[in-house]
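Novice: The structure under discussion is supplied below as structure tokens; questions concerning it will follow.
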Amino acid sequence: MTTFQSKPVIIAGPCVIESAELLDNVARGLVEINAKWGTDIIFKASFDKANRTSLHSFRGPGLERGLQMLSDVREKHHLRILTDIHEAWQAAPAGEVCDVLQIPAFLCRQTDLLVAAAKTGRTVNIKKAQFLSGRDMVFPVQKVRESGAEVWLTERGNSFGYNNLVVDFRNIADMLDIVPTVIMDCTHSVQRPSAGDGKTIGDRKFVPAMALAAKAFGATGYFFEVHPDPDHGLSDAANMLELDKLEN
């Protein structure tokens, strides 16, 4: 089982792997922040965005190429790596490269996926579904713990009617009763799912407030998708934070 320091968990990186150049650019920015502030930011990027709104949306380079690119980041920049998996068979190869395997919110009850992730021995970060309460996450956590892995939980908002999310920050306190590490996903929580004519949109101006509110409710970690030019990003463009604003 992987163990980490008790300092706040910070996860950051682009939504999806667009290119090796993008990964290198973001990684260098994170390394600079780590050196200046003594943080230990975990680098995040997805090799495949299997849950995009449209069939025609960019998904990423795929498992084999994507994991090689993440491995290159790890070797070059000495950053820990997080990526998400969508199917159980992806867990073992992803676990060879990544320190943390993330379970997407829509899939947080998928038993085979959770068990496969846990069996890698890596930490498993489960994102709370948009249709579940914080207290409901006791059961996904149970599946991972009984399969032998450390588990984190991440808050990312709840469905609020159509094409909108709202964050009930009480979920953070409720999930802290289940696990010691509860992360606030500050960028996905400002999404407006499927509200952009075949894509998800959002409003990044609320990202800093999401982090501050989560801290008030006891969050022990923070998740920020960042990009040097988010408006031209190939996934989650509207809610990713500008890389040069992450340090603040």
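Novice: Considering only the stretch 108-137, state which residues are open to solvent by 40 Å² or more (accessible area, probe 1.4 Å) and within 19 Å of the chain's Cα centre (by Cα).
Specialist: Let us first name the residues in the stretch 108-137 that are open to solvent by 40 Å² or more (accessible area, probe 1.4 Å), namely 109-112, 119-120, 122, 131, 133, 135-136.
Matches in the stretch 108-137: Arg109, Gln110, Thr120, Arg122, Phe131, Ser133.
Novice: Within the stretch 77-131, how many residues are in a loop (DSSP other than H, G, I, E, B) and either in contact with a His (Cβ under 7 Å, 6 or more places away or on another chain) or among the aliphatic types (A, V, I, L, M) (or both)?
Specialist: Qualifying residue count, the stretch 77-131: 4.
Novice: Condition first: at pLDDT below 95 and on the phi > 0 side of the Ramachandran plot. Now tell me which residues in the stretch 45-66 satisfy that.
Specialist: Gly60
Novice: Which ones in the stretch 51-71 are without any contact (Cβ under 8 Å) to a residue 40 or more places away in the chain and open to solvent by less than 70 Å² (accessible area, probe 1.4 Å)?
Specialist: If the condition is that a residue be without any contact (Cβ under 8 Å) to a residue 40 or more places away in the chain and open to solvent by less than 70 Å² (accessible area, probe 1.4 Å), then Gly62, Leu63, Leu67, Ser71 are the ones that fit.
Novice: Of Ala117, Ala173, which residue is within 26 Å of Ser71 (Cβ to Cβ) and among the hydrophobic types (A, V, I, L, M, F, W, C)?
Specialist: Selected residue: Ala117, the only one of Ala117, Ala173 that is within 26 Å of Ser71 (Cβ to Cβ) and among the hydrophobic types (A, V, I, L, M, F, W, C).
Novice: Determine if the stretch 16-34 includes at least one residue that is of a type outside the set (Asp, Glu) and under 21 Å from Ala117 (Cβ atoms).
Specialist: Scanning the stretch 16-34 turns up at least one residue that is of a type outside the set (Asp, Glu) and under 21 Å from Ala117 (Cβ atoms).
Novice: Please count how many residues of the stretch 22-51 are over 15 Å from the mean Cα position of the chain (by Cα) and among the basic types (Lys, Arg).
Specialist: Counting residues in the stretch 22-51 that are over 15 Å from the mean Cα position of the chain (by Cα) and among the basic types (Lys, Arg) gives 2.
Novice: Could you check the stretch 133-248 for strands (runs of 3 or more DSSP E) lying wholly inside it with 1 or more residues that are of a type in the set (D, E, K, R) and over 17 Å from Val16 (Cα atoms)?
Specialist: Qualifying strands (runs of 3 or more DSSP E): 151-155.
Novice: Please go through (1) crowded, with 22+ Cβ neighbours inside 10 Å; (2) in contact with a helix residue (DSSP H, G or I) (Cβ under 6 Å, 6 or more places away or on another chain) for Asp185 and return the number of the only condition it doesn't satisfy.
Specialist: (2)
Novice: Sticking with this one: Which is closer than 24 Å to Glu155 by Cα, surrounded by fewer than 23 Cβ atoms within 10 Å (Cβ to Cβ) and in contact with a helix residue (DSSP H, G or I) (Cβ under 9 Å, 6 or more places away or on another chain), of Asp24, Asp40? Step through it out loud before you land on a result.
Specialist: Details: Asp24 fails: closer than 24 Å to Glu155 by Cα.
Being closer than 24 Å to Glu155 by Cα, surrounded by fewer than 23 Cβ atoms within 10 Å (Cβ to Cβ) and in contact with a helix residue (DSSP H, G or I) (Cβ under 9 Å, 6 or more places away or on another chain) holds for just one of Asp24, Asp40, which is Asp40.
Novice: I've got another one for you. Provide a single number: the residues in the stretch 209-248 that are over 16 Å from the mean Cα position of the chain (by Cα) and open to solvent by less than 20 Å² (accessible area, probe 1.4 Å).
Specialist: 2
The values are calculated or read from the model by the stated rules, or taken from the named source; none is laboratory data. Worth saying up front: this structure is predicted, and the values here are computed from it rather than measured. Methodologically, a virtual Cβ is constructed for each residue, glycine included, from the backbone with ideal geometry; neighbour enumeration extends over all protein chains shown. The accessibility values were calculated without ligands, DNA or RNA, using every heavy atom of the protein model including side chains. Shrake-Rupley method; radii C 1.70, N 1.55, O 1.52, S 1.80 Å.
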